[in-house]
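Enquirer: My structure is below; once you've seen it, I'll send some questions.
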Amino acid sequence: MTNRAAAARYARALFDVAMKEADLQAVERELSEFVDLVRGHEQLSKVLVNPAIPAARKQALVSALSGRAGLSPVTSKLLALVAGRDRLVLLGDLVEEFRRRVLDHQQVVQAAVTTAVPLPADRVSALGQAFARVTGRRVQVTAGVDPAVIGGVVARIGSVVYDGSVKRHLERIREALTQGT
């Protein structure tokens, strides 16, 4: 089983338990903060993923950190379980998958918009409203800049990409010319 698949299983289990026993946003926030804490401390990160260190010691360390941070029982239990099985390397993917599940539950889809120049906030908001009409869901829009786009917009909504960039139009023209049509 790949790390991504294993992380998805842990995320699904955490989501199911959190739905019954805790606040989804609080669990997501706590899990994300714990991952940020680990990533922010190089020594801690190395210790937690080092296969030479026994899983029981990692579990004790994670439990102590959870207690100090005041994490909810649901989050603490998951972290202790993952540490006890020596699968802490999955935490980044686990957070990402859990966040995806929470957004799906809330009927929210993420959209990423890339343009050649920065968009004003009102344009980003207007794009979000247009995407919401198309998808029938609430949309969280993040805007990025890539000068290679030249002009137009590249939008990724969930796993679907809409490429209305000048760069892509030029590529299509080049393909048509080289194929002789």
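All of the numbers you see were taken from the coordinates with simple rules; none came from a lab. Just so you know, these numbers come straight off a predicted model, no measurement behind them. Counting neighbours? That spans all protein chains shown, and the Cβs are built from the backbone with ideal geometry, glycine included.
Enquirer: Please give the peptides 79-90, 158-169, 102-113 ranked by average Cβ packing (other Cβ atoms within 10 Å per residue), highest first, as a rough proxy for protection.
Expert: 79-90, 102-113, 158-169
Enquirer: How much net charge surrounds residue 159 when only the other residues with a Cβ under 13 Å from the Cβ of residue 159 are counted, with Lys and Arg +1 and Asp and Glu -1?
Expert: That sum, taken over residues with Cβ under 13 Å, equals +1.
Enquirer: Further, regarding this structure: Could you state the number of Å between the C-alpha centres of the stretch 58-82 and the stretch 85-155?
Expert: The stretch 85-155 and the stretch 58-82 have Cα centres spaced 30 Å from each other.
Enquirer: Reachable lysines from residue 58, Cα under 16 Å, same-chain residues fewer than 8 places away excluded?
Expert: Correct list for residue 58: 46, 77.
Enquirer: Once the other residues with Cβ under 13 Å from the Cβ of residue 48 are scored (Lys, Arg +1; Asp, Glu -1), what is the net sum?
Expert: Charge balance near residue 48 sits at +4.
Enquirer: If amide hydrogens are placed 1.01 Å from N in the peptide plane, which non-local residues have theirs closer than 5 Å to the one on residue 138?
Expert: Here the answer is 109, since their amide H atoms fall under 5 Å of that of residue 138.
Enquirer: Can you tell me what share of the DSSP beta bridges in the chain is antiparallel? A percent to the nearest 5 is fine.
Expert: 60 percent
Enquirer: Something else: Among the lysines, which have Cα under 27 Å from the Cα of residue 167 when same-chain residues fewer than 8 positions away are ignored?
Expert: Answer for residue 167, where 27 Å is the Cα cut-off: none of the lysines qualify.
Enquirer: Net charge near residue 64: determine it from the other residues with C-beta under 15 Å of the C-beta of residue 64, scoring Lys and Arg +1 and Asp and Glu -1.
Expert: +4
Enquirer: Just to confirm the number: angle between the C-alpha axis of helix 91-105 and the first principal axis of the chain, 0 to 90 degrees, nearest 10?
Expert: Approximately 60 degrees, to the nearest 10.
Enquirer: Ok, one more. Which of rounded, prolate, oblate describes the stretch 3-104, given a ≥ b ≥ c as roots of the alpha-carbon gyration tensor eigenvalues and a/c under 1.5 marking rounded, otherwise prolate only if a/b is larger than b/c?
Expert: Prolate, since a/c reaches 1.5 and a/b exceeds b/c.
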